[in-house]
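Below is one structure, written out as structure tokens, with a few remarks after it.
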Amino acid sequence: MVAAGPAREGGSAIRIFLSPLDVHINRAPVSGRITRTEYTKGRFLAAYKDAASDLNEKNALDIRALSGENFRVVQIAGVLARRIVCWCKAGDELRAGDRIGLIQFGSRTDLHLPSGYEPCVRAGEKVRGGETVVARALPK
């Protein structure tokens, strides 16, 4: 299930909530290079709560797209999902759709888009990893 809205640092954010029955693989939103990873210990609130962004255990990946824009993928643990797995590190090259990690047993993945991109999914819509296009670049 999806929610979308503005990101704190500008641009947009897409929040993808995963139930314990969903597929929990996280995929690269764009082709590019991982410039930074940041793991933060935290709580295990229900991932659908707004406070989970700030308080829950999480792992962030900053990706510099081949086009030069910066994207951020944040894996957020939930009540049951207390194990975040990331298969990437800073310096790794990615292709759009590559598997980058997983969060076990229900969680949330946030995708922070730079200015010039807009979500193309609606609140409540179901998405499929590697299939659903969740954002697009605006015409310049």
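What follows draws every value from the coordinates through simple rules; no lab data is involved. Fair warning: this is a prediction, and the values are worked out from it, not measured in the lab. With ideal geometry, Cβ positions are generated from the backbone for all residues, glycine too; neighbour counts draw on all protein chains shown.
For P(r) over Cα pairs in 10 Å bins from 0, in percent, one of (i) 13, 47, 36, 4, 0; (ii) 12, 38, 28, 15, 6, 1; (iii) 12, 42, 35, 12, 0 was computed from the structure I shared and the rest are decoys. Which label?
(i)
I'd like the distance separating the alpha-carbon centroids of the range 11-29 and the range 62-118, in whole Å.
Between the Cα centre of the range 11-29 and that of the range 62-118, the gap is 9 Å.
Quote to one decimal, in nm, the extra length available between I25 and K140 on full extension: 0.36 nm per residue of separation minus the C-alpha distance between them.
Working: separation 115, 0.36 × 115 = 41.40 nm, distance 3.24 nm.
My answer for the length gained is 38.2 nm.
Given the chain, what count of lysine pairs have C-alpha atoms under 25 Å apart, with each pair 8 or more places apart or on different chains? It would help to have the intermediate numbers written out before the result.
Values: K41/K49; K41/K58; K41/K89; K49/K58; K49/K126; K58/K89; K58/K126.
The number of close lysine pairs in the chain is 7.
With a cap of 12 neighbouring Cβ atoms within 10 Å, and only residues DSSP puts in a loop, list the trypsin sites (Lys or Arg not before Pro) found in the range 1-75. Could you put the intermediate results ahead of the total?
Details: sites: R8, R15, R27, R33, R36, K41, R43, K49, K58, R64, R72; in loops: R8, K41, K49.
Filter output for the range 1-75: R8, K41.
Go ahead and estimate [θ] at 222 nm for the chain from helices alone: -39,500 (n - 2.57) per DSSP H run with n ≥ 4, summed, over the residue count, rounded to 500.
Values: 1 runs with 4 residues, N = 140.
It lands at -500 deg cm²/dmol.
Which far-off residues, 5 or more places away or on another chain, put their amide H under 5 Å from the one on G101, with H placed in the peptide plane?
The answer is N26, W87.
Cut-off 14 Å, label point 7 angstrom out along Cα-to-Cβ of T40: give me the residues of the range 2-22 whose amide nitrogen falls inside.
Output list for this probe position: 8-9.
Just rank T132, T37, fewest to most, by other beta-carbon atoms within 10 angstrom. Write out the running numbers ahead of the final one.
Details: T132 13, T37 17.
Ordered from fewest to most neighbouring Cβ atoms within 10 Å, T132, T37 come out as T132, T37.
For L18, L102, which order do you get if you count the other beta carbons within 10 Å of each Cβ and list the fewest first? Present the calculation step by step, with values, prior to reporting the outcome.
Working: L18 24, L102 20.
Exposure proxy ranking, most exposed first: L102, L18.
Show me the chymotrypsin sites (Phe, Trp or Tyr not before Pro) within the range 14-115 that DSSP assigns to loop and that have at most 13 other Cβ atoms within 10 Å of their Cβ. Intermediate results must be reported in sequence, preceding the final value.
On the way: sites: F17, Y39, F44, Y48, F71, W87, F105; in loops: F44, Y48, W87, F105.
Here the chymotrypsin sites (Phe, Trp or Tyr not before Pro) that fit, given the DSSP loop and packing criteria, are W87.
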